[in-house]
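The values are calculated or read from the model by the stated rules, or taken from the named source; none is laboratory data. Just so it is clear, the model here is predicted, and its values are computed rather than measured. All Cβ positions, glycine included, derive from the backbone under ideal geometry; neighbour counts span all protein chains shown. With ligands, DNA and RNA removed, areas are computed over all heavy atoms of the protein, side chains included. Shrake-Rupley method; radii C 1.70, N 1.55, O 1.52, S 1.80 Å.
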Amino acid sequence: MSSEVSTECLVIGAGPAGLQASYLLKRAGRDHLVLESGAAAGTFFTRFPRHRQLISINKVYTGWDDPELNLRVDWNSLLSDDPELLFTGYTPRYFPQADDMVRYLGDFAVKNDLPVRYGTRVVSVSRPDDFVVRDQHGVTYRAKRIIAATGVSKPNVPEIQGVEHAELYYDVSVDPQNFVNQKVLIIGRGNSAFETADALVETASVIHVAGPGSLKLAWQTHFVGHLRAVNNNFLDTYQLKSQNAVLDGHIAGIRRDGDDYLVKVKFQRVNEVVKEIRYDRVILATGFRFDASIFAPECRPQLTINARFPDQTSAWESVNVPDLFFAGTITQARDFKKSTSGFIHGFRYGVRALHRIHEHRYHGVDWPSRAVAPEAVTDAIIERVNRTSALWQLFAFMADAVLFGPDGVRYVEEVPVAYLHEAVARGDFGDVEEYLTVTLEYGADHDKVNPFDITAGRTSQEDTSGLDGRYLHPVVRRFRGGELVDEHHLTENLENEWDSERVHKAPLREYLR
Ligand SMILES: Cc1cc2nc3c(=O)[nH]c(=O)nc-3n(C[C@H](O)[C@H](O)[C@H](O)COP(=O)(O)OP(=O)(O)OC[C@H]3O[C@@H](n4cnc5c(N)ncnc54)[C@H](O)[C@@H]3O)c2cc1C
């Protein structure tokens, strides 16, 4: 093998994001290479989630025959032109097994003949001029730009005194028999913590799940990284007095005491009462982080959110290293705990937008758009909000745009809202006098109300003047010179269909007049 390889774009990581990027680069005929340290595509899913069930839904039967609509409830497929390469064809399970994801990603790479070098771990990235990347064999790769799709490969270990005593979700035993009759503390508030607790309910004598702040439930906050119902059986065992508990507080210290651990918990509910509790096992399930250690100082990306993720511009470019881009779960820094960039059903659209940004910036290819007659703008918007999976999944983060310029009206799909404003201001979309953004959004305080509490009441779905922000609904905003002029919210409804002439179309047409 030649000791130096040159390519235009180097993609690091053959997880779902790296494969999605490579698929789009290949389809556009762009020179690129993917380097993957694992022996197969989707290496992350060969190990995680530890208890092997994905929390991304796989709804095979939708009653729809529109592939775009189906992607609203298929959270695992990558975007491609091949209907055979839909994850829904790999398993009928609503919550699929991680091994099915590994199989799917492997097929995706092979069937698209993507240029992936497996067993190739990047050990250093430097930038004398171009990027120079070296792998564990000493082979170097030279590239004009990099798409780092390396995922969150490191456990996130919070600063707790004695934290070294804790076992990590990353490699703790997943055999419940290993915890028989033991008292177990799981530190963490997310799905990994509760997935682990659920798995021990039958064998451990007592399980405590601890962490600061109020526990957030995904069905209330609409953030799929908060606790999902599929992982919350444990809450029953707590509230129905079966010895287990959720502890609301900070872990102030862990120390050994013979074969046991004494853990200092600072409870948040009552004047920070501090209690030391005895456990047989302590497990840390406090998330993951991006690994920046492979980057040499001259091209080390700045980090954000407790240094867990690379800090990124609206184009997913490093804020301090030009031509270094990010794709996949690490782009969640851009919509942290709000929208879905941390998950396949979010970042797959992010990668497509990133590709269009590269096509424009590096190859002068304009963002795809279509001309719309001024009187047809309402119908164009209505058609999209009733079909789009991208604006549905990346709510409030991804938009369509309607651009009004001297040569007429153009409709542009799937542009990140923040990037759109900057790109219009830069003139990337040509001469634009005024533009509209079209997004799907939850309203203010959507996460404050218990959706199952009927006393909370709601606005009638027929009411064109009112809006119940708790529900996902289309929002159209008008901008001139980058400044928000006004906005229009389409009344939400149970069916998530905005095609009523009286309730949806006429008010929108009136707003656009
Ligand atoms: C515990 C857990 C469970 C999750 N469950 C789900 C879920 O059910 N559904 C969902 O949609 N999302 C889930 N996610 C979120 C997220 O989608 C996944 O993390 C997904 O794997 C992200 O894809 P990615 O391509 O960004 O990164 P990864 O899938 O992590 O891919 C990165 C790839 O880069 C490779 N790599 C890393 N460093 C190097 C290097 N130096 N050199 C070469 N190769 C390298 C890795 O081997 C890996 O194959 C979960 C996340 C976690 C932490």
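Name the residue from 319, 160, 223 whose Cα lies farthest towards the positive end of the charge dipole of the chain, charges +1 on Cβ of Lys and Arg and -1 on Cβ of Asp and Glu.
The one lying farthest along the dipole's positive direction is 160.
Any of 183/338; 241/337; 216/241; 59/448; 183/275 with alpha carbons more than 24 Å apart? Name them for me.
On the way: 183/338 34 Å; 241/337 31 Å; 216/241 21 Å; 59/448 28 Å; 183/275 16 Å.
The answer is 183/338; 241/337; 59/448.
Give me the accessible area per residue for segment 369-512, probe 1.4 Å, as a whole number in Å².
Values: 6490 Å² over 144 residues.
Here the residues of segment 369-512 average 45 Å² of exposed surface.
Provide the FRET efficiency to the nearest 0.05 for the residue 379-residue 433 pair, computing r from the beta carbons and using R0 = 25 Å. Let's see the in-between values first.
On the way: r = 22 Å, r/R0 = 0.88.
For residue 379 and residue 433, the calculated efficiency is 0.70.
Round to a whole number: what % of the accessible area of segment 369-512 belongs to carbon and sulfur, probe 1.4 Å?
Details: 3300 of 6490 Å².
After summing per-atom areas, the C and S share lands at 51 percent.
log10 I(q)/I(0), Debye, Cα-only the chain, no solvent, q = 0.08, 0.12 Å⁻¹?
Ignoring solvent entirely, the Cα scatterers give -0.57, -1.21.
Taking every DSSP beta bridge that has both residues in the chain, what percent is antiparallel when rounded to the nearest 5? Kindly include the intermediate steps, with their values, before the conclusion.
Values: 60 of 94 bridges.
Beta bridges within the chain, antiparallel portion: roughly 65 percent.
So what is the relative contact order for segment 369-512, in percent, with contacts set as C-alpha pairs under 8 Å and at least six apart? Intermediate results must be reported in sequence, preceding the final value.
Details: 253 pairs, mean separation 31.5, N = 144.
Reported as a whole number, the value is 22 percent.
Please give the charge dipole size of the chain, origin at the Cα centre, charges +1 on K and R Cβ atoms and -1 on D and E Cβ atoms. Round to the nearest 20 debye. Display every interim value, and only then the final one.
On the way: 57 positive and 70 negative charges, 289 e Å.
Around 1380 debye, computed over the chain.
Shape of segment 82-241 from its Cα gyration tensor (a ≥ b ≥ c, root eigenvalues): rounded if a/c is under 1.5, otherwise prolate when a/b > b/c, or oblate?
Values: a/c = 2.30, a/b = 1.59, b/c = 1.45.
Prolate.
Output the peptides 315-323, 40-48 sorted from most to least packed, where packing is the average of other Cβ atoms within 10 Å over each peptide's residues. Numbers along the way, then the final one.
Values: 315-323: 18.2, 40-48: 20.0.
Per-residue Cβ counts within 10 Å, averaged per peptide and sorted highest first, yield 40-48, 315-323.
Please work out the FRET efficiency for the pair residue 95 and residue 201, using the Cβ-Cβ distance as r and a Förster radius of 22 Å; give the result to the nearest 0.05. Don't skip to the answer; put the middle values down first.
On the way: r = 18 Å, r/R0 = 0.80.
E between residue 95 and residue 201, to the nearest 0.05, is 0.80.
Counting other Cβ atoms within 10 Å of each Cβ, which trypsin sites (Lys or Arg not before Pro) in segment 254-310 have at most 11 and sit in a DSSP loop? Could you put the intermediate results ahead of the total?
On the way: sites: 255, 256, 264, 266, 269, 275, 278, 281, 289, 308; in loops: 269, 308.
Answer by residue number: 269.
Report the local net charge at residue 202: Lys and Arg +1, Asp and Glu -1, summed over other residues whose C-beta lies under 14 Å from its C-beta. Intermediate results must be reported in sequence, preceding the final value.
Working: positive: none; negative: 175, 198, 236.
Here the count lands on -3.
Would you kindly state how much longer the chain becomes between residue 256 and residue 168 on full extension, computed as 0.36 nm times their sequence separation minus their alpha carbon distance, in nm to one decimal? List each step's numbers first, then the result.
Numbers: separation 88, 0.36 × 88 = 31.68 nm, distance 1.65 nm.
Gain on extension, residue 256 to residue 168, equals 30.0 nm.
Hey, what number do you get for the chain at 222 nm if only DSSP H runs of n ≥ 4 count, each worth -39500 (n - 2.57), divided across all residues, to the nearest 500?
Details: 11 runs with 101 residues, N = 513.
When only DSSP H runs of four or more count, the value is -5500 deg cm²/dmol.
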